[in-house]
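Asker: The structure under discussion is supplied below as structure tokens; questions concerning it will follow.
Throughout, read-outs are computed from the coordinates displayed, never taken from laboratory work. Remember, it's a predicted structure, so these values are computed and weren't measured experimentally. A quick note on method: Cβ atoms are made from the backbone with ideal geometry, for glycine too, and the neighbour counts reach across all protein chains shown.
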Amino acid sequence: MGKITLPRSGLYSLVAAAYRREPKRWGPMLTGAVILCLLLFIYWAGRNFNPYQVRILNLIGINIGLGLSLNLINGFTGQFSLGHAGFMAVGAYTTTLLMMPPAVKQMNFFMVPLISPLDEIQLPFIVALLLGGLVSALMGFFIGAPVLRLRGDYLAIATLGFSEIIRIVITNIRSVTNGALGLKAIPAYTNLWWSWGFALLTIFVITRLIHSSYGRAFKAIREDEIAAEAMGIGLFRHKMLAFTLGAFLAGIGGGFQASLLTTIDPNMFRFILTFEILLIVVLGGMGSITGTVIAATIVTILKEVLRGVEAPMNLGFISLPGIPGMRMVIFSLLLILVVLFYREGIMGQRELSWEGLFGPRNGRPERGVEA
């Protein structure tokens, strides 16, 4: 891959010169400045954006966290998992049942009563959210124990099967999940601070993990499992770590999504949900944190923008009726074009970094993104 060249503006030259002199000092300062700008934007957006725009921003933050959780398994560790929707369902239902007021539970479970003691439990949102993530991680551990001994397509089929099993079980245990009726009137705790806090914390955790010895082991397993095992890397242990952590983050994301939408049902957690998250990972680049963030933003916004093609349109010389589903057709075609021309995704396995933007040149041309 080539390098993206940045123009040599006055401000860029000033910042670059300062960074080259003291990179260890200016790196954290620049990172802090970016985070501060993001927090100011979130504060401003919460006060000035309409509810629809705020909802899209919330979805972007949640999708960033979900994309990174799947990228940890599929991109960095090289395990082809298709079970994310199941872990999201476990996290969403666990979080909802633990935080929902008893009166609302009684209203939802009007046909089959909710079992005790869930009918009387009401925990704070953050506690319920963490417990939802832990239950999802526990589910990921029990599922990962048998299936992570498989590889490639066999692993994908096994995780997809377990995801469907989870959805079917949720549909049938009516005394716990209310079955196909789902849960309504869920308290709406998710806001911009929660969703983007989840995104930033996930970015921080995944970044620290990938740059640790565990991250190097994940990448070694991705490149060649036999060579990694010959070097003394415990394949099963590291695969389980990535799979369980990915399930935990997926459960947290499911809890945030449930509180944002204020309603859930088993049909929300079909394979198409995993497919949408997988598209974010593939479009951004398998094994790229920066790519996942960019792709999650693009995909979330594009899905909303393309809703207009399903409405009737009058072009003056011709009137086109609204065609349900046309949004996903156009969206899929655009993704096919991107994958055809950018097979490794937007970023491949590269990352944006201060070193790449402002690092020493050593006689080389200016660069913005390192290969």
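Asker: Only loop residues by DSSP count here, and only those with at most 11 other Cβ atoms within 10 Å; note down the chymotrypsin sites (Phe, Trp or Tyr not before Pro) in the stretch 35-115 that meet that.
Answerer: On the way: sites: F41, Y43, W44, F49, Y52, F76, F80, F87, Y93, F109, F110; in loops: F49, F80, F109, F110.
Counting only loop positions with at most 11 other Cβ atoms within 10 Å, the chymotrypsin sites (Phe, Trp or Tyr not before Pro) in the stretch 35-115 are F110.
Asker: Once R0 is set to 41 Å, what does the formula 1/(1 + (r/R0)^6) return for the Cβ-Cβ distance between A33 and L181, expressed as a FRET efficiency to the nearest 0.05? The partial results should precede the final answer.
Answerer: Values: r = 49 Å, r/R0 = 1.18.
So, using R0 = 41 Å, E works out to roughly 0.25.
Asker: Pick from N63, N178, N50: which is most flexible by mean-square fluctuation in a GNM of the chain where alpha carbon atoms under 10 Å apart are linked?
Answerer: In this elastic network of the chain, the residue with the biggest mean-square fluctuation among N63, N178, N50 is N50.
Asker: Further question: Using only Cα atoms, what Kirkwood radius does the chain have, in angstroms?
Answerer: 22.3
Asker: Can I ask one more? Using only Cα atoms, what is the ratio of the radius of gyration of the stretch 194-295 to 2.2 N^0.38 Å?
Answerer: Its radius of gyration relative to the 2.2 N^0.38 Å reference: 1.23.
Asker: A follow-up question, please. Could you put D119, D153 in order, starting from the residue whose Cβ has the fewest other Cβ atoms within 10 Å?
Answerer: Values: D119 14, D153 9.
The order, fewest Cβ neighbours first, is D153, D119.
Asker: How large is the charge dipole for the chain, taken about the Cα centre, if only the Cβ atoms of Lys, Arg (+1) and Asp, Glu (-1) carry charge, to the nearest 20 debye?
Answerer: Rounded to the nearest 20 debye, it is 800 debye.
Asker: Related question: For the chain, what's the relative contact order in percent, using C-alpha pairs closer than 8 Å and at least 6 residues apart?
Answerer: 28
Asker: Relative to the longest principal Cα axis of the chain, at what angle does helix 326-341 sit, 0 to 90 degrees, rounded to 10?
Answerer: Tilt relative to the chain: about 30 degrees.
Asker: What ranking of K24, K239 emerges when the number of other C-beta atoms within 10 Å of each C-beta is taken as an exposure proxy, fewest first?
Answerer: K24, K239
Asker: On a straight-distance basis, which lysines could pair with K219 in a cross-link, Cα separation under 18 angstrom, same-chain partners fewer than 8 positions away excluded?
Answerer: Candidates past the 8-residue exclusion: K239.
Asker: Can you give the angle from 0 to 90° between the axis of helix 125-147 and the longest principal axis of the chain, with both taken from C-alpha atoms, to the nearest 10?
Answerer: With both axes taken from Cα atoms, the answer is about 80 degrees.
Asker: Any lysines with Cα under 16 Å of the K24 Cα? List them, leaving off those in the same chain fewer than 8 positions away.
Answerer: By straight Cα distance, K24 reaches no lysines at all.
Asker: While we're on this one: What is the extension gain from I126 to R47, computed as 0.36 nm multiplied by their sequence separation minus the C-alpha to C-alpha distance, in nm to one decimal?
Answerer: Values: separation 79, 0.36 × 79 = 28.44 nm, distance 2.37 nm.
Value of the extension gain: 26.1 nm.
Asker: Sort D265, D224 so that the residue with the fewest other Cβ atoms within 10 Å of its own Cβ comes first and the one with the most comes last.
Answerer: On the way: D265 17, D224 12.
Final ranking by Cβ density, sparse to dense: D224, D265.
Asker: Considering the alpha-carbon set of the stretch 140-215 alone, what are its Rg and its Dmax in angstrom?
Answerer: Using the Cα atoms of the stretch 140-215, the pair Rg, Dmax is 17.7, 46 Å.
Asker: What net charge do the residues around A89 carry, taking every other residue with its C-beta under 11 Å from that of A89, with Lys and Arg at +1 and Asp and Glu at -1?
Answerer: Neighbourhood net charge equals 0.
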